[in-house]
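Taking it in order: structure first as structure tokens, then the write-up.
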Amino acid sequence: MRIQADREVCVGSGQCVLTEPAVFDQSDDDGRVRLLAERPGPEYAKTVREAVDLCPSRALSLGEDEG
Amino acid sequence: MTDVSTSAPTRELPAFPMARGCPFDPPEQYSALRAERPIARVALPGDRTAWLVTRHDLLRQLLTDPRLSSDRTHPNLPTPVPSLQAQAQQDFAPIANALIGLDAPRHSTHRRMLITEFTVKRVQALRPRIQEIAEGCVADLLAGPRPADLVSALSLPVPSMVICELLGVPYADRDFFQSRTRTVVSFNASPEDRSAAIRALRGFLDELVTAKEREPSDDLLGRLILRNREAEVFTHELLVGLAALLLLAGHETTANMISLGTAGLLQNPQQLDQLRADPALVGQTVEELLRYFSIVDAIPRVALADIEIGGVTIHAGDGVALSVGGANRDGVAFGRADELDIQRGGRHHVAFGYGIHQCLGQNLARMELEIVFTTLFARVPGLRLAAPVAELPFKDDATIYGLYQLPVTW
Ligand code: HEM
Ligand code: SF4
């Protein structure tokens, strides 16, 4: 599973951070999403998918080699 | 589904806003509409029409569609009161043009000036102070007479004090801004009274912002002024409008959630018992109360181009009211959607909206609500309503739903 985060689109809602703080963070400089892991292990698959669904600006997507 | 409605006379359309049956539930008509016409043509006061969206998936799809504009000054924006339109173009303009009424890409430029102030981390740093404020209010409540009004003892003071300290607005002026806010969000206020309230709020914040421009203080407004000196995003007028938006949205919404949430839990004692037995459930309790009460029901938008969706064509220029109450009770998205169930989990409710305008203050609101419910139910174990629910003064005449008073005893 590979996550893509489009920082140009992110509105800093923090939904991703609330959902999976081990994978998503908000930058101290601009409040926008910062990935702590681009290819998180399978144990994060569920919460990462949830974060992608919750992201209000649709800034998050899952890359091709998702499994 | 065919588009039968565009030519139908206004009087045959369902009227919007719709009346509630049970004060805890959204209008009953929503469920029938959701099943039959999830995007339905409705009649607004003043001979206007709009589309009403009551399905969760369609609401999320539309709120992420750039063809829908948030322009609060557009004449077709679906507002519950016709006079609001004209006012949005005049008295409201600086507030309406601040963030919430902007479309991309201007919206992103404005929002980026603020998001560092509301990140999950920044809000977590406020926890000890919010806890202290909540403890103080609950201690005063306990020391005062019984029954007491929870709205004036807890619901309004906590978020008002928090947003005042965050923005750098004197809390001593609370009666002034709370009463003006009540007028601004009321359908029943006369246009003259509403204009006067808006002008008073703007005058008050104009002075405050001017002082901070001279001498930037270490608070959100001071930091914003400093940041703006480099970025040059906001005029003075827009800074005042933004301050008004943050002050208004920062206290009135959370206050209503505290009142309704408390009433909702007291009316569902098994739910409250579960929360008391396991205080770690408070986070998902707050999410469920947000979903259940949906205090900001209709999010207004206007179409900039034709949109084909759900079997209808929304034409360019049409107003669209996106019903949060409708979407949050959608049985496809939430099992037994009309039940309050704090075990539900999940955060896909749309109480904070969806899309680029999703609530900037949502993490602050969550934290305030968690702290207030935890503190209140722990410190006042015998808390109960001092009047039947049917007799409570619900805000049926306001753009943000809630309670004017909540008599409680213990
Ligand atoms: C339970 C409490 C709250 C609820 C239910 C709520 C609800 C909402 C909703 C539904 C929107 C979206 C409006 C739209 O799309 O047109 C919104 C936007 C906004 N809210 Fe809240 N809100 C709450 C608390 C707060 C707080 C505490 C603040 C504090 C500053 C705040 C500030 C804002 C701002 C600035 C916006 C505009 C964001 C933008 O346009 O990008 N809200 N809120
Ligand atoms: S959920 Fe989306 S918009 Fe919100 S911070 Fe994360 S990436 Fe940004």
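Some points to look at:
- Hey, B:Arg194 farther than 22 Å from B:Leu224 by Cβ and part of a loop (DSSP other than H, G, I, E, B) or not: no
- Hey, A:Gly63 touching a strand residue (DSSP E or B) at 6+ places or on another chain (Cβ under 6 Å) and at pLDDT below 95 or not: yes
- Only residues that are modelled with pLDDT under 95 and within 7 Å of another protein chain (Cβ to nearest Cβ) were counted across the range B:342-366, and they come to 0.
- For the range B:388-410, a residue qualifies if it is surrounded by fewer than 16 Cβ atoms within 10 Å (Cβ to Cβ) and charged (D, E, K, R), and the qualifying residues are B:Glu391, B:Asp396, B:Asp397.
- The set of residues in the range B:164-189 that are farther than 14 Å from B:Leu248 by Cβ, in contact (Cβ under 8 Å) with a residue 40 or more places away in the chain and in a loop (DSSP other than H, G, I, E, B) comprises B:Gly168, B:Phe187, B:Asn188.
- Any chance B:Ala333 is surrounded by fewer than 20 Cβ atoms within 10 Å (Cβ to Cβ), at pLDDT 95 or above and closer than 27 Å to A:Cys10 by Cβ: yes
- In the set B:Thr49, B:Thr116, B:Thr109, B:Thr64, only one residue is of a type in the set (S, T, N, Q) and free of Cβ contacts under 8 Å to residues at least 40 places away in the same chain; that residue is B:Thr116.
- Filter pass, B:Val158 being more than 27 Å from B:Arg301 (Cβ to Cβ) and within 14 Å of chain A (Cβ to nearest Cβ): no
- Single match in B:Ala172, B:Ala189, B:Ala196 (criterion: of a type outside the set (Asp, Glu), more than 21 Å from the chain's Cα centre (by Cα) and under 21 Å from B:Ala96 (Cβ atoms)): B:Ala196
- Residues of the range A:1-24 satisfying the condition of being away from ligand 1 (no atom under 16 Å from the Cβ) and of a type in the set (A, V, I, L, M): A:Met1, A:Ile3, A:Ala5, A:Val17, A:Ala22, A:Val23
- Enumeration of residues in the range B:342-371 that are more than 16 Å from ligand 1 (Cβ to nearest atom) and buried (at least 18 other Cβ atoms within 10 Å of the Cβ): B:Ile342, B:Arg344
The values are calculated or read from the model by the stated rules, or taken from the named source; none is laboratory data. These numbers were taken from a predicted model, which means no experiment stands behind them. Counting neighbours? That spans all protein chains shown, and the Cβs are built from the backbone with ideal geometry, glycine included.
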